[in-house]
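The values are calculated or read from the model by the stated rules, or taken from the named source; none is laboratory data. Since this is a predicted model, take the numbers as computed values, not measurements. Every residue, glycine among them, receives a Cβ derived from its backbone with ideal geometry; neighbour counts consider all protein chains shown. Side chains included, ligands, DNA and RNA excluded: accessible areas come from the protein's heavy atoms. Shrake-Rupley method; radii C 1.70, N 1.55, O 1.52, S 1.80 Å.
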Amino acid sequence: MTKSLQTSADNPATPLAGKIAVVTGAAQGLGATFALALAKAGASVVAGDLSSTDATCAAIEANGGKALGASLDVTDGGSVSAMLKAASEKFGGIDILVNNAAISGQLRLQHLTEITSAEWDRVLTVNVRGTFECIKAAAPLMKQRGYGKIINLSSGTAIKGSPGIAHYVASKGAVISLTRAAARELGGDGIRVNAIAPGLTMSEAMLKNPSWTSDIVANNIASRALKREAVPDDLVGALLFLASPASDFLTGQTLSVDGGSVMT
Ligand SMILES: NC(=O)c1ccc[n+]([C@@H]2O[C@H](COP(=O)([O-])OP(=O)(O)OC[C@H]3O[C@@H](n4cnc5c(N)ncnc54)[C@H](O)[C@@H]3O)[C@@H](O)[C@H]2O)c1
(Lines give C-alpha, C1' and ligand atoms only; values in the text may rest on other atoms or scores of the structure.)
Protein backbone atom coordinates (compact mmCIF):
# COMPACT_ATOMS: atom_id res chain seq x y z
CA MET A 1 0.00 0.00 0.00
CA THR A 2 1.36 3.43 -0.91
CA LYS A 3 1.60 5.73 2.05
CA SER A 4 0.53 9.26 1.14
CA LEU A 5 2.93 12.08 1.88
CA GLN A 6 2.36 13.61 5.28
CA THR A 7 1.51 17.29 5.39
CA SER A 8 1.93 19.47 8.46
CA ALA A 9 -1.85 19.24 8.88
CA ASP A 10 -1.39 15.51 9.60
CA ASN A 11 0.72 16.36 12.61
CA PRO A 12 -1.49 15.78 15.67
CA ALA A 13 0.10 18.80 17.33
CA THR A 14 -0.90 21.14 14.49
CA PRO A 15 -4.20 19.80 13.10
CA LEU A 16 -5.09 23.28 11.82
CA ALA A 17 -1.87 23.96 9.90
CA GLY A 18 -2.62 26.03 6.80
CA LYS A 19 -6.06 27.10 8.09
CA ILE A 20 -7.14 30.68 8.66
CA ALA A 21 -9.25 31.39 11.75
CA VAL A 22 -11.13 34.52 12.80
CA VAL A 23 -11.99 34.98 16.47
CA THR A 24 -14.32 37.80 17.53
CA GLY A 25 -14.06 39.31 21.00
CA ALA A 26 -10.44 38.19 21.15
CA ALA A 27 -9.03 41.02 23.31
CA GLN A 28 -9.51 39.13 26.56
CA GLY A 29 -11.13 36.17 28.27
CA LEU A 30 -12.26 33.13 26.32
CA GLY A 31 -11.68 34.86 22.98
CA ALA A 32 -8.00 35.49 23.74
CA THR A 33 -7.61 31.89 24.96
CA PHE A 34 -9.31 30.58 21.80
CA ALA A 35 -7.13 32.73 19.51
CA LEU A 36 -3.94 31.46 21.14
CA ALA A 37 -5.13 27.83 21.08
CA LEU A 38 -6.04 27.99 17.38
CA ALA A 39 -2.62 29.49 16.61
CA LYS A 40 -0.87 26.79 18.63
CA ALA A 41 -2.82 24.22 16.58
CA GLY A 42 -1.27 25.75 13.46
CA ALA A 43 -3.89 28.23 12.22
CA SER A 44 -3.18 31.81 11.18
CA VAL A 45 -5.44 33.90 13.42
CA VAL A 46 -7.34 37.13 12.95
CA ALA A 47 -8.22 38.56 16.37
CA GLY A 48 -11.08 41.10 16.25
CA ASP A 49 -12.52 43.16 19.08
CA LEU A 50 -13.84 46.60 20.05
CA SER A 51 -10.85 46.78 22.40
CA SER A 52 -7.22 46.39 21.35
CA THR A 53 -6.13 42.85 20.52
CA ASP A 54 -2.43 43.78 20.59
CA ALA A 55 -1.73 41.62 23.66
CA THR A 56 -3.44 38.60 22.09
CA CYS A 57 -1.53 39.01 18.82
CA ALA A 58 1.76 39.51 20.69
CA ALA A 59 1.16 36.29 22.65
CA ILE A 60 0.48 34.39 19.41
CA GLU A 61 3.57 35.77 17.72
CA ALA A 62 5.74 35.14 20.79
CA ASN A 63 4.67 31.53 20.46
CA GLY A 64 5.78 31.41 16.79
CA GLY A 65 2.26 31.84 15.34
CA LYS A 66 0.78 34.23 12.77
CA ALA A 67 -1.71 36.87 13.88
CA LEU A 68 -3.55 39.89 12.56
CA GLY A 69 -5.36 42.26 14.92
CA ALA A 70 -8.54 43.97 13.78
CA SER A 71 -10.63 46.73 15.26
CA LEU A 72 -14.10 45.21 15.08
CA ASP A 73 -17.67 45.98 15.99
CA VAL A 74 -19.69 42.84 15.27
CA THR A 75 -22.91 44.87 15.07
CA ASP A 76 -21.57 46.88 12.12
CA GLY A 77 -21.66 44.96 8.84
CA GLY A 78 -19.08 47.33 7.34
CA SER A 79 -16.65 46.68 10.19
CA VAL A 80 -17.11 42.90 9.86
CA SER A 81 -16.52 43.05 6.08
CA ALA A 82 -13.40 45.18 6.55
CA MET A 83 -11.96 42.61 8.98
CA LEU A 84 -12.67 39.72 6.61
CA LYS A 85 -11.18 41.66 3.69
CA ALA A 86 -8.01 42.26 5.72
CA ALA A 87 -7.95 38.56 6.65
CA SER A 88 -8.25 37.53 2.99
CA GLU A 89 -5.56 39.98 1.90
CA LYS A 90 -3.10 38.93 4.57
CA PHE A 91 -3.75 35.18 4.79
CA GLY A 92 -5.75 34.30 1.64
CA GLY A 93 -9.24 33.52 2.94
CA ILE A 94 -11.09 32.20 5.97
CA ASP A 95 -11.75 28.61 7.08
CA ILE A 96 -12.79 28.97 10.73
CA LEU A 97 -14.98 31.61 12.39
CA VAL A 98 -15.40 31.72 16.16
CA ASN A 99 -18.32 33.98 17.12
CA ASN A 100 -17.25 34.73 20.66
CA ALA A 101 -17.85 38.51 21.03
CA ALA A 102 -20.71 39.28 23.37
CA ILE A 103 -22.01 41.47 26.11
CA SER A 104 -21.28 38.97 28.82
CA GLY A 105 -18.72 39.43 31.58
CA GLN A 106 -19.87 42.99 32.34
CA LEU A 107 -23.52 42.08 33.02
CA ARG A 108 -24.93 42.48 36.51
CA LEU A 109 -27.69 40.35 37.97
CA GLN A 110 -31.10 42.00 37.90
CA HIS A 111 -34.71 40.90 37.91
CA LEU A 112 -36.25 40.91 34.46
CA THR A 113 -38.66 43.66 35.47
CA GLU A 114 -35.62 45.93 35.98
CA ILE A 115 -34.03 45.37 32.57
CA THR A 116 -34.55 48.46 30.43
CA SER A 117 -35.62 48.16 26.82
CA ALA A 118 -32.37 49.84 25.79
CA GLU A 119 -30.25 47.29 27.66
CA TRP A 120 -32.33 44.43 26.26
CA ASP A 121 -31.76 45.74 22.74
CA ARG A 122 -28.02 46.22 23.32
CA VAL A 123 -27.50 42.65 24.56
CA LEU A 124 -29.62 41.09 21.80
CA THR A 125 -27.99 43.27 19.14
CA VAL A 126 -24.41 42.37 20.05
CA ASN A 127 -24.97 38.73 20.99
CA VAL A 128 -27.45 37.72 18.29
CA ARG A 129 -27.24 40.19 15.43
CA GLY A 130 -23.46 40.40 15.86
CA THR A 131 -23.22 36.62 15.42
CA PHE A 132 -25.54 36.83 12.40
CA GLU A 133 -23.51 39.65 10.78
CA CYS A 134 -20.31 37.61 11.06
CA ILE A 135 -21.90 34.43 9.68
CA LYS A 136 -23.50 36.39 6.84
CA ALA A 137 -20.18 37.98 5.82
CA ALA A 138 -18.01 34.87 6.27
CA ALA A 139 -20.28 32.31 4.56
CA PRO A 140 -19.66 33.50 0.96
CA LEU A 141 -15.89 33.39 1.55
CA MET A 142 -16.11 29.87 2.98
CA LYS A 143 -18.40 28.81 0.12
CA GLN A 144 -15.67 29.83 -2.37
CA ARG A 145 -13.39 27.31 -0.64
CA GLY A 146 -16.15 24.66 -0.39
CA TYR A 147 -15.40 24.26 3.30
CA GLY A 148 -15.81 26.11 6.56
CA LYS A 149 -16.21 25.78 10.30
CA ILE A 150 -18.34 28.21 12.26
CA ILE A 151 -18.35 27.93 16.04
CA ASN A 152 -20.81 30.08 17.99
CA LEU A 153 -20.59 30.76 21.71
CA SER A 154 -23.89 30.03 23.41
CA SER A 155 -24.16 29.41 27.16
CA GLY A 156 -25.45 26.83 29.60
CA THR A 157 -27.71 29.59 30.96
CA ALA A 158 -29.82 29.27 27.79
CA ILE A 159 -30.53 25.63 28.58
CA LYS A 160 -31.02 26.15 32.33
CA GLY A 161 -32.96 29.43 32.05
CA SER A 162 -30.72 30.98 34.69
CA PRO A 163 -32.34 33.86 36.61
CA GLY A 164 -31.02 37.44 36.77
CA ILE A 165 -29.88 37.86 33.17
CA ALA A 166 -33.03 37.31 31.07
CA HIS A 167 -31.72 39.33 28.11
CA TYR A 168 -28.47 37.36 28.03
CA VAL A 169 -30.27 34.01 28.42
CA ALA A 170 -32.64 34.90 25.57
CA SER A 171 -29.70 35.96 23.39
CA LYS A 172 -27.80 32.73 23.97
CA GLY A 173 -30.94 30.70 23.26
CA ALA A 174 -31.21 32.54 19.96
CA VAL A 175 -27.59 31.61 19.23
CA ILE A 176 -28.51 27.91 19.56
CA SER A 177 -31.43 28.35 17.14
CA LEU A 178 -29.34 30.40 14.72
CA THR A 179 -26.70 27.66 14.82
CA ARG A 180 -29.30 25.12 13.72
CA ALA A 181 -30.77 27.31 10.98
CA ALA A 182 -27.34 28.26 9.62
CA ALA A 183 -26.22 24.60 9.68
CA ARG A 184 -29.20 23.63 7.50
CA GLU A 185 -28.71 26.54 5.07
CA LEU A 186 -24.93 26.31 4.74
CA GLY A 187 -24.38 22.54 4.82
CA GLY A 188 -24.64 22.33 1.03
CA ASP A 189 -21.66 24.67 0.77
CA GLY A 190 -19.51 22.46 3.01
CA ILE A 191 -19.87 24.83 5.96
CA ARG A 192 -20.34 23.26 9.39
CA VAL A 193 -22.00 25.35 12.09
CA ASN A 194 -21.89 24.29 15.72
CA ALA A 195 -22.05 25.94 19.14
CA ILE A 196 -20.34 25.57 22.47
CA ALA A 197 -22.40 26.17 25.62
CA PRO A 198 -19.93 26.81 28.44
CA GLY A 199 -20.96 26.77 32.05
CA LEU A 200 -19.80 29.59 34.33
CA THR A 201 -16.13 29.95 33.43
CA MET A 202 -13.78 32.16 35.39
CA SER A 203 -12.56 34.53 32.66
CA GLU A 204 -10.96 37.84 33.78
CA ALA A 205 -14.28 39.64 33.35
CA MET A 206 -16.13 37.12 35.52
CA LEU A 207 -13.44 37.26 38.21
CA LYS A 208 -13.76 41.06 38.33
CA ASN A 209 -17.57 41.12 38.40
CA PRO A 210 -19.12 40.96 41.89
CA SER A 211 -22.31 39.44 40.40
CA TRP A 212 -20.36 36.32 39.49
CA THR A 213 -18.46 35.70 42.67
CA SER A 214 -20.00 34.51 45.96
CA ASP A 215 -22.71 31.85 46.08
CA ILE A 216 -23.23 31.65 42.35
CA VAL A 217 -19.87 30.02 41.74
CA ALA A 218 -20.39 27.53 44.57
CA ASN A 219 -23.92 26.73 43.34
CA ASN A 220 -22.60 26.17 39.82
CA ILE A 221 -19.91 23.84 41.05
CA ALA A 222 -22.46 21.93 43.14
CA SER A 223 -24.60 21.42 39.99
CA ARG A 224 -21.72 19.75 38.12
CA ALA A 225 -20.82 16.07 37.92
CA LEU A 226 -17.18 17.26 37.95
CA LYS A 227 -17.09 19.48 41.01
CA ARG A 228 -14.64 22.26 40.35
CA GLU A 229 -14.39 25.76 38.94
CA ALA A 230 -14.08 26.08 35.14
CA VAL A 231 -11.25 28.10 33.55
CA PRO A 232 -11.01 29.25 29.91
CA ASP A 233 -8.58 26.41 29.03
CA ASP A 234 -11.34 23.90 29.86
CA LEU A 235 -13.10 24.95 26.62
CA VAL A 236 -10.13 24.58 24.31
CA GLY A 237 -10.54 20.84 23.62
CA ALA A 238 -14.12 21.30 22.40
CA LEU A 239 -13.13 24.35 20.34
CA LEU A 240 -10.29 22.54 18.57
CA PHE A 241 -12.50 19.51 17.94
CA LEU A 242 -15.18 21.67 16.31
CA ALA A 243 -12.55 23.59 14.31
CA SER A 244 -10.75 20.51 13.04
CA PRO A 245 -11.56 17.88 10.40
CA ALA A 246 -12.26 15.42 13.27
CA SER A 247 -15.76 16.96 13.50
CA ASP A 248 -16.46 17.22 9.76
CA PHE A 249 -19.69 15.15 9.97
CA LEU A 250 -21.06 17.20 12.85
CA THR A 251 -23.23 20.26 12.31
CA GLY A 252 -26.10 22.11 13.97
CA GLN A 253 -25.07 20.84 17.41
CA THR A 254 -24.52 22.56 20.73
CA LEU A 255 -21.86 21.03 22.94
CA SER A 256 -22.26 21.74 26.66
CA VAL A 257 -18.83 22.08 28.23
CA ASP A 258 -19.54 22.62 31.89
CA GLY A 259 -18.32 19.66 33.91
CA GLY A 260 -21.65 17.87 33.46
CA SER A 261 -24.05 20.45 34.85
CA VAL A 262 -26.36 20.47 31.84
CA MET A 263 -26.94 17.04 30.28
CA THR A 264 -28.75 17.14 26.93
N1 LIG B 1 -17.22 33.23 30.99
C2 LIG B 1 -18.35 32.55 31.15
O3 LIG B 1 -18.74 32.13 32.24
C4 LIG B 1 -19.19 32.22 29.93
C5 LIG B 1 -20.19 31.24 30.08
C6 LIG B 1 -20.98 30.94 28.98
C7 LIG B 1 -20.78 31.58 27.77
N8 LIG B 1 -19.79 32.52 27.68
C9 LIG B 1 -19.63 33.18 26.38
O10 LIG B 1 -18.26 33.11 26.00
C11 LIG B 1 -17.89 34.31 25.32
C12 LIG B 1 -16.71 34.97 25.99
O13 LIG B 1 -16.95 35.14 27.37
P14 LIG B 1 -15.94 35.98 28.29
O15 LIG B 1 -16.21 35.59 29.69
O16 LIG B 1 -14.57 35.87 27.75
O17 LIG B 1 -16.55 37.45 28.04
P18 LIG B 1 -15.86 38.90 28.08
O19 LIG B 1 -16.95 39.85 28.41
O20 LIG B 1 -14.64 38.87 28.93
O21 LIG B 1 -15.38 39.11 26.58
C22 LIG B 1 -16.22 39.50 25.55
C23 LIG B 1 -15.37 40.21 24.51
O24 LIG B 1 -16.26 40.64 23.45
C25 LIG B 1 -15.89 41.96 23.09
N26 LIG B 1 -17.03 42.66 22.48
C27 LIG B 1 -18.14 43.10 23.11
N28 LIG B 1 -18.94 43.73 22.22
C29 LIG B 1 -18.32 43.66 21.01
C30 LIG B 1 -18.63 44.13 19.72
N31 LIG B 1 -19.77 44.83 19.46
N32 LIG B 1 -17.77 43.89 18.70
C33 LIG B 1 -16.61 43.22 18.93
N34 LIG B 1 -16.23 42.76 20.15
C35 LIG B 1 -17.10 42.99 21.18
C36 LIG B 1 -15.45 42.62 24.39
O37 LIG B 1 -14.65 43.78 24.14
C38 LIG B 1 -14.68 41.48 25.06
O39 LIG B 1 -13.32 41.48 24.71
C40 LIG B 1 -19.15 35.16 25.28
O41 LIG B 1 -19.86 34.90 24.08
C42 LIG B 1 -19.92 34.66 26.45
O43 LIG B 1 -21.31 34.93 26.36
C44 LIG B 1 -19.00 32.85 28.73
Inset, instruction - Identify the chymotrypsin sites (Phe, Trp or Tyr not before Pro) of the range 197-264 meeting these criteria: DSSP loop state and at most 10 other C-beta atoms within 10 Å of the C-beta. - result: F249
Legend entry - Residue among D73, D189, D49 with the largest mean-square fluctuation in a Gaussian network model of the chain, springs linking Cα atoms under 10 Å: D189
Inset, instruction - Name the long-range amide H neighbours of G69: under 5 Å, sequence gap of 5 or more, or other chain; modelled H, no Pro or chain starts. - result: A47
Inset, instruction - State in Å² the accessible area per residue of the range 111-264; use a 1.4 Å probe, count heavy atoms of protein chains only, and round to the nearest integer. - result: 47 Å²
Inset, instruction - Give the residue from N194, Q144, Y168 lying farthest towards the positive end of the charge dipole for the range 141-209; charges sit on Cβ (+1 for Lys and Arg, -1 for Asp and Glu) and the dipole is referred to the Cα centre. - result: Q144
Legend entry - Relative contact order of the chain, pairs being alpha-carbon contacts under 8 Å that are 6 or more residues apart, as %: 17 percent
Inset, instruction - Have a look at the chain and give its Rg and Dmax from the Cα atoms, expressed in angstrom. - result: 17.9, 68
Legend entry - Full-stretch length increase - T116, D215 - with 0.36 nm per residue and alpha-carbon distance subtracted: 33.1 nm
Inset, instruction - Report, ordered by chain and residue number, the lysines lying within cross-link reach of K40, taken as a straight Cα distance under 30 Å and ignoring same-chain residues fewer than 8 apart. - result: K3, K19, K66, K85, K90, K136, K143, K149, K172, K208, K227
Legend entry - the chain: most fluctuating residue of A218, A238, A137 per GNM, C-alpha cutoff 10 Å: A218
Legend entry - Only Lys, Arg (+1) and Asp, Glu (-1) charged, at Cβ; the chain dipole about Cα centre in debye: 560 debye
Inset, instruction - Any chance you could run the full-extension gain for D54 through K227? It's 0.36 nm times the residue separation minus the Cα-Cα distance, nm to one decimal. - result: 58.8 nm
Inset, instruction - Per DSSP H run of n ≥ 4, the term is -39500 (n - 2.57); total these for the chain, divide by its residue number, and report the mean residue ellipticity at 222 nm rounded to 500 deg cm²/dmol. - result: -12000 deg cm²/dmol
Inset, instruction - Name the long-range amide H neighbours of S256: under 5 Å, sequence gap of 5 or more, or other chain; modelled H, no Pro or chain starts. - result: A197
Legend entry - Derived scalar couplings ³J(HN,Hα) [the range 52-60; Karplus, 6.51 cos²θ - 1.76 cosθ + 1.60; whole Hz; x for Gly, Pro]: 5, 9, 4, 5, 5, 5, 5, 5, 5
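Given the convex hull of the Cα atoms of the range 134-191, what is a quarter of its surface area in nm²?
Directional mean of the projected Cα hull area for the range 134-191 stands at 3.9 nm².
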Legend entry - Separation in nanometres of the label points that stand 7 Å from Cα toward Cβ, at N11 and L207: 3.1 nm
Inset, instruction - Within the range 169-264, report the trypsin sites (Lys or Arg not before Pro) that DSSP leaves as loop and that have at most 13 other Cβ atoms within 10 Å. - result: K227, R228
Inset, instruction - For the chain, give the percent of accessible area contributed by carbon and sulfur heavy atoms, probe 1.4 Å, rounded to a whole number. - result: 56 percent
